[in-house]
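Asker: Next up is a structure, given as structure tokens.
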Amino acid sequence: MFDKNKMLELVRAEDEAYFRGDLVLSLPEGSYNSEEMWSILMGMFKTSIAIEDEMRRHFESLPGLDQTHMFDALCESGVRNPEWWFNVLLADREPLPEGVFD
């Protein structure tokens, strides 16, 4: 089942992570040390993966025919290309284990 509040929280966290990444690029070199930049980069990566994992969980919870219709609609939406949707929703990929980047 789709949890709208969880997805909104994940999107907010991703927006915040990418904002922090933009700050790194906009400030003079040396404003962040390598550990801070690594932490920001991992925050960006983790939040994007969490969103993809949540989309996949929701997609997999749909009945087969609904999955087909959803996949077709997403591919036709113009948001990303069909290959991206396939890789996120249908390709065999296990979610990353907790703490993999800690």
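The values are calculated or read from the model by the stated rules, or taken from the named source; none is laboratory data. What you see is a predicted model; the values in this text were computed from it and never measured. For neighbour counting, all protein chains shown are included, and Cβ atoms are generated from backbone atoms with ideal geometry for every residue, glycine included. Side chains are part of the model used for accessible areas, which takes the heavy atoms of the whole protein and leaves out ligands, DNA and RNA. Shrake-Rupley method; radii C 1.70, N 1.55, O 1.52, S 1.80 Å.
Asker: Once label points are set 7 Å from the Cα along Cα→Cβ at both A13 and F45, what is their separation, rounded to one decimal in nm?
Answerer: Distance between label points: 1.6 nm.
Asker: Follow-up question, since we're still on this one. Over the chain, with the other protein chains present, what is the accessible area per residue in square angstrom, probe 1.4 angstrom? Kindly include the intermediate steps, with their values, before the conclusion.
Answerer: On the way: 7480 Å² over 102 residues.
About 73 Å² of surface per residue is accessible.
Asker: How tilted is helix 64-76 with respect to the longest principal axis of the chain? Cα atoms for both, answer in degrees (0 to 90, nearest 10).
Answerer: Approximately 50 degrees, to the nearest 10.
Asker: Using a 1.4 angstrom probe on heavy atoms only, work out the carbon and sulfur share of the accessible area of the chain in %.
Answerer: Values: 4340 of 7480 Å².
Answer for the chain is 58 percent, counting heavy atoms of protein chains only.
Asker: Ok, one more. Going highest first, how would you order 65-72, 9-16, 46-53, 77-84 by mean Cβ packing within 10 Å?
Answerer: For the peptides 65-72, 9-16, 46-53, 77-84, the packing ranking is 46-53, 9-16, 65-72, 77-84.
Asker: What number, in nm² with one decimal, is the all-direction average of the projected area of the convex hull of the alpha-carbon atoms of the chain? Kindly include the intermediate steps, with their values, before the conclusion.
Answerer: Working: hull surface 31.4 nm².
Projected over every direction and averaged, the Cα hull of the chain covers 7.9 nm².
Asker: Taking the Cβ of S31 as the center, what net charge do the other residues with Cβ under 15 Å away carry, scoring Lys and Arg +1 and Asp and Glu -1?
Answerer: Values: positive: R20; negative: D22, E29, E35, E36.
Around S31, the surrounding residues sum to -3.
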